[in-house]
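The structure under discussion appears below in the form of structure tokens.
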Amino acid sequence: MAPSIPIFPEQASTLASRVDNLYFFMLATSGFFAVLVTVLVVLFAIKYRRRHPDEHGEPIHGSLALELIWTGIPFVIAMVMFVWGASVYFAVVRVPDQALDVYAVGKQWMWKFQHREGQREINELHVPVNTPIRVIMTSEDVLHDLFFPAFRTKMDALPGRYTQLWFTATRTGTFHIFCAEYCGTRHSGMIGHVIVMSQGDYESWLGGGSAGGSLADRGQQLFTQFACVTCHRGDAQGRGPVLNGLLGSTVHLSNGNTLTADAAYVRESILTPTAKVVAGFQPIMPTFQGQITEEQILALTEYIKSLPGAPAGSGGTGGAGASPATPTPGPTK
């Protein structure tokens, strides 16, 4: 028996069937009307062809019923596609609660993955089956696109920004990873594999540990290495804001604006410290542009995320951006 040649990638995630069903519906609808229009054009061309040079067509005054039909039917079909597509889109962009976070950095020409437990991988990603996985990504150089065909999900990895995608693998096995955005001469070689494992096998794999400790542990080492601890002290006696409970808190800036601290804000505060200065503090922090990699920024972010919600003796709840007299965490400057 000859081996089968699959036309589409296998379905291996909770999103795959929903994406495929919408795609097949749009493909079938487009194909049906393409064939219908082609057949009608041919039939009418034959039926109403000019049979002799003196023949003239009869005047046509139109039909309101016909115009309503060929306007109404496409409108209904378009609305079905819109509502169906919107429901799939919301499912794709809404990350489930308690998703397992994995960090990815695209670089010509490889994918570098970091797990919060400390494991680091290149062009391979180990994940457990039936568990929501959120991949938070960025790029070190040019625009890349992380694509999991079997999971029917992909997202651009942008230099200087964080993007994310998620999936829940429904079967164990090894599946392809591609870069779906042309990124240079070796773009076609920027491939890898995601290995979906049973929960027990995944726990065993994690149990292998990492020589550098968890991602937060590496971030703590970098926090000391770059002397961040001298200004961002937990007792609120440093020259920079306290960082406890920063992620997700409201930051009050010196220009009177406020923002909600996220990973992108932490990254900007490390690389461009004077862009957003916390109220009550001076723009004295030096830039670390060119001194720190994207992986190290992710480690520092994970460490800041792991800090307790409120600094000792602050009497606060961890909200960012107040003056030194009321110590609450702010950005890394």
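All of the numbers you see were taken from the coordinates with simple rules; none came from a lab. Remember, predicted model here, so these are calculated numbers, not experimental data. For neighbour counting, all protein chains shown are included, and Cβ atoms are generated from backbone atoms with ideal geometry for every residue, glycine included.
Tabulated data
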| quantity | calculated |
| --- | --- |
| Residue 275 long-range amide H proximity, modeled H, under 5 Å | none |
| Loop GluC sites (Glu not before Pro), region 9-82 (other Cβ atoms within 10 Å of the site Cβ: 16 or fewer; DSSP) | 10, 55 |
| Given (i) 91, 44, 29; (ii) 98, 58, 37; (iii) 75, 68, 30, the label whose value is Cα extents along the principal axes in Å derived from this model | (ii) |
| Dipole of the chain, positive end: most advanced residue of 182, 194, 272 [Cβ charges, Cα centre] | 272 |
| Inter-label distance for residue 48 and residue 83, nm, one decimal - labels placed 7 Å from Cα along Cα-to-Cβ | 3.5 nm |
| Relative packing of 25-35, 100-110, which averages over residues the other C-beta atoms within 10 Å, highest first | 100-110, 25-35 |
| Shape category assigned to region 217-306 from the gyration tensor of Cα positions, a/c cut at 1.5 | rounded |
| Hits among lysines - C-alpha to C-alpha of residue 154 under 19 Å, sequence gap 8 or more where chains match | 107, 112 |
| Hits among aspartates and glutamates - C-alpha to C-alpha of residue 47 under 20 Å, sequence gap 8 or more where chains match | 55, 58 |
| Karplus 3J(HN,Hα) series, Hz, for region 235-251 with 6.51 cos²θ - 1.76 cosθ + 1.60 (x for Gly, Pro) | 8, 6, 9, x, 7, x, x, 6, 9, 4, x, 5, 4, x, 8, 8, 10 |
| Within straight-line cross-link reach of residue 276, lysines at Cα separation under 25 Å, skipping those fewer than 8 residues along the same chain | 305, 333 |
| Pairwise FRET efficiency - residue 55 versus residue 33, Cβ, R0 = 30 Å, nearest 0.05 | 0.45 |
